[in-house]
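**Student:** Quick one: structure below, then a few questions.
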Amino acid sequence: MSTRPSSLPPLHVVPPPAASPRPTKIRVEGVRMVFPGDGQPMTVLNDVHLELRAGEIICIVGPSGCGKSTLLNILGGFIRPTHGQVLIDGAPVQGPDPRRIFVFQESSVFPWLTVEENIGFGLERLPRAERRERVEHYVEIVGLQGFERSYPHQLSGGMKQRLEFARALAVQPDVLFLDESFGALDSITRLKMRQELLRIWSVEPKTIICVTHDIDEAVQLSDRVVVMGARPARVQRIVDIHLPRPRDLSDPRYLALRDSILDEIGIAHAI
Ligand SMILES: Nc1ncnc2c1ncn2[C@@H]1O[C@H](COP(=O)(O)OP(=O)(O)OP(=O)(O)O)[C@@H](O)[C@H]1O
């Protein structure tokens, strides 16, 4: 089964972010996170400061267990930091908000609902006609035309992931959080999904914040890569990726940026 119907628009070439300075969307101010731990409290994040701009794609990378998902959950309002605060559009984050949506792995779609029912799930408050229109729009945005009445088990992994995106986008959030969202996909589908994400972003730009273990993915997707240090983590370095999109993965500048991030987190890239 094809994961990319030929009717999809081509991947747009988006100018590098330096061409258009963007306003601040999310400000992380001195965030510290201490979990109770087993007997002894565990400091996971310490004095994290960060400024994320509207409409940019940011990937957060760092050693396993350094607190990347914890930071994402704090940004999304699911966890309150022990100290410090997060401001979105200038207002402190007090909890989850439908304007800020997590995109999960493809396995989190509802298996008992069809594609269109999955996408329409969060839209009950809308009048019927508007809801149908919204569902149709996002079926088209993610290229699932012809599969509206299919159930998730009838879709490929990449299609299920696109359904997950459609479900998240249908509530029209302004921020998307991706926590290893492509982690369950095979490597070819993963590559395609990165292109899909960029295509969707070029049609409907959102502020996108991803946590990933995949440095290639981070460099391919991001306007900036945030490198976290070891636990208790703080921001170790922010790498600007001033490369035009779509990115040539064999471009020496791309490879140099990737290798410098690998160096930063202490992973040898030459074997
Ligand atoms: N709710 C919690 N209560 C106690 N400890 C927690 C909680 N959530 C996370 N931790 C701990 O915080 C640390 C950081 O976890 P987190 O999942 O944020 O790291 P990560 O960088 O995303 O890890 P990975 O790269 O392996 O996915 C881990 O040691 C984890 O066990």
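The values are calculated or read from the model by the stated rules, or taken from the named source; none is laboratory data. The shown structure was predicted, so the numbers you read here are calculated from the model rather than taken from an experiment. Neighbour counts run over all protein chains shown; Cβ positions are idealised from the backbone, glycine included. Side chains are part of the model used for accessible areas, which takes the heavy atoms of the whole protein and leaves out ligands, DNA and RNA. Shrake-Rupley method; radii C 1.70, N 1.55, O 1.52, S 1.80 Å.
**Student:** Considering only protein heavy atoms and a 1.4 Å probe, what is the carbon-and-sulfur percentage of the accessible area of segment 88-166?
**Tutor:** With neighbouring chains kept in place, the figure for segment 88-166 is 52 percent.
**Student:** Give me the angle, in degrees from 0 to 90, between the Cα long axis of helix 252-264 and the longest principal axis of the Cα atoms of the chain, rounded to the nearest 10.
**Tutor:** Helix 252-264 sits roughly 50 degrees off the main axis of the chain.
**Student:** Can you tally the net charge around A233? Count Lys and Arg as +1, Asp and Glu as -1, for every other residue whose Cβ sits under 14 Å from the Cβ of A233.
**Tutor:** +3
**Student:** Once the Cα atoms of helix 187-203 and of the chain are each reduced to a long axis, what angle between those two axes, in degrees from 0 to 90 to the nearest 10, is obtained?
**Tutor:** 80
**Student:** Here's something else I'd like to know. Over the chain, average the accessible area per residue using a 1.4 Å probe and give it in Å², no decimals.
**Tutor:** Dividing the accessible area of the chain by its residue count gives 47 Å².
**Student:** Using only C-alpha atoms and all pairs of different ones, pull out the Kirkwood radius for the chain in Å with one decimal.
**Tutor:** Every distinct Cα pair counted, the radius reaches 19.4 Å.
**Student:** So, one more: Roughly how much of K160 is accessible, in Å² to the nearest 10, using a 1.4 Å probe?
**Tutor:** Accessible surface of K160 is approximately 50 Å².
**Student:** Which residues' amide hydrogens lie under 5 Å from the amide hydrogen of M228, considering only partners 5 or more residues apart or on another chain, with H built in the peptide plane?
**Tutor:** Here the answer is V61, G62, Q236, since their amide H atoms fall under 5 Å of that of M228.
**Student:** Which one of F182, P205, L243 has its Cα pushed farthest toward the positive end of the charge dipole of segment 175-271, where Lys and Arg give +1 and Asp and Glu give -1 at the Cβ?
**Tutor:** The one lying farthest along the dipole's positive direction is P205.
**Student:** What's the magnitude of the charge dipole for segment 192-271 around its Cα centre, counting Lys and Arg as +1 and Asp and Glu as -1 at the beta-carbon? Answer in Debye, nearest 20.
**Tutor:** Charge dipole, segment 192-271, about its Cα centre: 220 debye, nearest 20.
**Student:** Cut-off 10 angstrom, C-alpha nodes, Gaussian network model of the chain. Which of R253, R199, R27 fluctuates the most?
**Tutor:** R253
**Student:** If you plug each phi of segment 38-54 into the Karplus form 6.51 cos²θ - 1.76 cosθ + 1.60 with θ = phi - 60°, what whole-Hz ³J(HN,Hα) values come out, in order, with x for Gly and Pro?
**Tutor:** Each residue of segment 38-54 in turn: 8, x, 10, x, 10, 7, 9, 10, 9, 6, 8, 10, 6, 10, 10, 9, 4 Hz.
**Student:** Using modelled amide H (1.01 Å from N, peptide plane; none on Pro or chain starts), what sits under 5 Å from the amide H of F102, excluding residues fewer than 5 places away?
**Tutor:** Correct list: F177.
**Student:** Calculate for the chain the 222 nm mean residue ellipticity that helices alone would give, adding -39,500 (n - 2.57) per DSSP H run of length 4 or more and normalising by residue count, nearest 500 deg cm²/dmol.
**Tutor:** Estimated from H runs of four or more residues: -9000 deg cm²/dmol.
**Student:** Given a Förster distance of 45 angstrom, what is the FRET efficiency for D47 paired with R128, based on the Cβ-Cβ distance and rounded to 0.05?
**Tutor:** 0.35
**Student:** If you don't mind, there's one more thing I want to ask. So how do 243-251, 230-238 stack up, highest first, on mean other-Cβ count within 10 Å?
**Tutor:** With the highest mean Cβ count within 10 Å placed first, the list reads 230-238, 243-251.
**Student:** Can you give the convex hull volume of the alpha carbon atoms of segment 112-271 per residue, in Å³?
**Tutor:** 143
**Student:** Another question, if that's okay. Using only the Cα atoms, work out Rg/Rh for segment 192-271, with Rh taken as the Kirkwood radius, to two decimals.
**Tutor:** Rounded to two decimals, Rg over Rh is 0.97.
**Student:** Could you compute Rg(Cα) / (2.2 N^0.38 Å) for segment 70-194, with N its residue count?
**Tutor:** 1.14
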